[in-house]
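K.L.:
Once you've had a glance at the structure underneath, I'll fire off some questions.
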Amino acid sequence: MPSNAGTGGFGTLLPLFVKQLGGTVINYGIAATLYNIAVTVSLLLWGAATDRLARRRLFFVISFTAMAVVFISMYLFPTLGWLTVGYGVLGIFIVANSTAASLLVMETSEKKNWVSSYSMLALVSNLGAVVGLVGGIFWSTFLPLNGFILFCAACEAVSVILTFRLVSEPQMPLEASQLTFDPAHVASMIYHGATISLQTPKRVLRLLRSGGDQGRKFLFLSSFVFMIANSLQGTPFTPFLLAYRVGDNEAFAVSLISVITQILAYRWLGRFTHRRGVGQIFALSILSRVALFIITGMLALYLSGFGLFVAALVWNAFSGFTFATWNSTVNVVFFSSMGPEKRGGVLGGFGALNNFGAVIGAFFSGYVSYYAGYATDFASSGLLMLVSFFLLRSALRGVRVRDGLSTI
């Protein structure tokens, strides 16, 4: 929870800090691009490392300690250059414990309780983000903005302490060798992870050309285009608010409402999906975001100041809900359509393709917003989201759904 308070608060702080240092939406777009690239590659590297080193607590300590150091360095060296590079470095370590956390949940609870344990982990993570964003509202209202980075660093330091006090190694680690921690094994781990990273684009292309059925190919493409559109709109949204005279504390409030609605959506979504059908909810989530993106483009033309703040609160409430809906249903459709083939490779390709979409959207968002205007950027994301919807329709016609999800 405290770690997510630090990273959740910093996610909104970064575009505010970029503006304070004289940067533009292009600077923030480049930083977000580096961050997404780092996350994409690092997920593979840290996943390989977790399999080679059966030490769960080690990865929590590495992740939280490194993020605390990065935050402190940003406070000590407040330049646009280091802020951009530092955000990329943060992307390397923010996912260092993700695989270890997932395995630890499986290793410390009975199989029948895995779903509830994962749900609790996600709930606690989101609550941590709420704490960070609420802290950001008060900090940006009463204290110098740059000092909030020290709050983020302190949150990570608290997580390091709690890791040593609360996290113990499992008696029977899953899918991890009993290698000792020495330089030779670390070098081998890095080489293995880098090899996987370089091969991932080839695996994705091979999967799209020949792997799986036709419906799943369209599902992959629909999700890929969705992530481009989502990143194209989401990356410059806070700089857009700042450019139209929304205050720093109000920007934190807008981010907060999105997290809260996602928490509520995840708790409510299961019952609603069961009544309405996965495919119908999936399509509705995309079409809703198309409408929201078009409305956002209109806001960029006609509103500013407090009026834009109120509109953004409403927009982000719906945005958080529709994203949670999309995220849940796409995983249901994806997993239920899988056959007896090696699921790890398919899942890895799916995740890599989605992350690559986020990279593309983040990169172009800054340049489109700066040179063509925010309204053009948001309208472009809406059009891409519409493309994602039509690809989805093709996917739902071709996907063979298993495990009783015939309502698609």
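K.L.:
So is LEU121 in contact with a helix residue (DSSP H, G or I) (Cβ under 9 Å, 6 or more places away or on another chain), in a helix (DSSP H, G or I) and in contact (Cβ under 8 Å) with a residue 24 or more places away in the chain or not?
P.N.:
Working: in contact with a helix residue (DSSP H, G or I) (Cβ under 9 Å, 6 or more places away or on another chain): yes; in a helix (DSSP H, G or I): yes; in contact (Cβ under 8 Å) with a residue 24 or more places away in the chain: no.
Considered against the rule, which asks whether it is in contact with a helix residue (DSSP H, G or I) (Cβ under 9 Å, 6 or more places away or on another chain), in a helix (DSSP H, G or I) and in contact (Cβ under 8 Å) with a residue 24 or more places away in the chain, LEU121 comes out as no.
K.L.:
Continuing with the same structure: Can you pull out every residue in the stretch 10-56 that is surrounded by fewer than 22 Cβ atoms within 10 Å (Cβ to Cβ) and either basic (Lys, Arg) or assigned by TED's automatic domain parsing to the domain that holds PHE224 (or both)?
P.N.:
The answer is LYS19, ARG52, ARG55.
K.L.:
Identify, from the list ALA253, ALA291, the residue that is modelled with pLDDT of 75 or more, over 30 Å from SER140 (Cα atoms), part of a helix (DSSP H, G or I) and out of contact with any Ser or Thr (no Cβ under 9 Å at 6 or more places or on another chain).
P.N.:
Exactly one of ALA253, ALA291 is modelled with pLDDT of 75 or more, over 30 Å from SER140 (Cα atoms), part of a helix (DSSP H, G or I) and out of contact with any Ser or Thr (no Cβ under 9 Å at 6 or more places or on another chain), namely ALA291.
The values are calculated or read from the model by the stated rules, or taken from the named source; none is laboratory data. Keep in mind that what you see is a predicted model, and the values were worked out from it rather than measured. Reconstructed Cβ throughout: ideal geometry from the backbone, glycine too, with neighbour counts over all protein chains shown.
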